[in-house]
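Below is one structure; the comments refer to it alone.
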Amino acid sequence: MKFLKFNSLITASLLTTILFQFSCKKEDQKPEACFNYTHQTNANETVAFTNCSKNYSGATWSFGDGETSHTRSPEHTYQNQGTYQVTLVVDNDEKTDSYTRTLIIDSSPPIRMTLNSITITKWPETDNGNPWDTDGTTPDLFPKITNANRYLYLSTETYQNPVTGTPYLFSTTSGLPLKITNMEEQLYIEWYDLDPNKADDFMGSLGFTPLSRHVNGENTISFASSKFEFELNVTWEY
Ligand SMILES: [Ca+2]
Ligand SMILES: [Ca+2]
């Protein structure tokens, strides 16, 4: 009886030791997710992710833009600017661990803007209460593009009269495409009524810098004020 009790104690002790070692072993093997990335974080540039996880056999990346990868240390290119939550899940047998980092992707700054067309849908109906033309017809509308020094980038002198349709719509590609290389220069879109006999009537203008209106490569730049509504169709080069 005494021997048996002693034996039981040894067995219990051994079991405890084995269980303890087993749980220790499991604890040691718990995966730990970890990653770093290079700082090339502009749209259309490759971001290299480095996996620094421990105790793992499988890796699943979610880049936050709908794309995934099972490569241990993948490279990924984001098409658009934005804020992305990048999650790495590592697993080892039944255990998993995950790590999420916020990645901000900037828009690549453009080096050139090409203006392809100008479309206007709203302009001042009168010249301070008077018709633009003495015969009362709608204006012979045309745009100019200048800079602050009055350098003339574009003067289409292609006009439309009478302007018909609802909304009034005038679209021109005359003198276009026009390439603008100074992305930070203040430009003005000026609108005129052509006057064959006197100076053309200035209707008004709106200013902008190309860089300030670059939004993720979008092709339309819209302008709106109480008197004007028009848009530019542009393409960007990087
Ligand atoms: Ca006039
Ligand atoms: Ca006129």
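Please treat every number below as a calculation from the coordinates, not as lab data. The structure presented is a predicted model; accordingly, all values stated were derived computationally and were not measured. All Cβ positions, even for glycine, are placed from backbone atoms using ideal geometry, and neighbour counts span all protein chains on display.
By the count of neighbouring beta-carbon atoms within 10 Å, fewest first, V90, V47 end up ordered V47, V90.
According to the Cα gyration tensor, what semi-axes, each the square root of 5 times an eigenvalue, does the equivalent ellipsoid of the range 112-237 have, listed from largest to smallest in whole Å?
Numbers: eigenvalues 133, 45, 33 Å².
After scaling each eigenvalue by five and taking roots: 26, 15, 13 Å.
The aspartates and glutamates within cross-link reach of K227, meaning a Cα-to-Cα straight distance under 20 Å and a gap of 8 or more places when in the same chain, are E125, D127, D133, D140, E190, D193, D200, D201.
In which sequence would F35, F202 go, from the one with the fewest C-beta neighbours within 10 Å to the one with the most?
Working: F35 21, F202 12.
By the 10 Å Cβ count, ascending: F202, F35.
Between the alpha-carbon centres of the range 94-154 and the range 181-238 there is a gap of 5 Å.
In the range 33-119, which GluC sites (Glu not before Pro) are in a loop and have at most 10 other Cβ atoms within 10 Å, using DSSP for the loop call? Intermediate values should be presented prior to the final figure.
Working: sites: E45, E67, E75, E94; in loops: E45, E67, E94.
In loop regions of the range 33-119 (DSSP not H, G, I, E or B), the sparsely surrounded GluC sites (Glu not before Pro) are E94.
For the range 163-233, the set of GluC sites (Glu not before Pro) satisfying both a DSSP loop assignment and a count of at most 12 other C-beta atoms within 10 Å is given as E184, E218.
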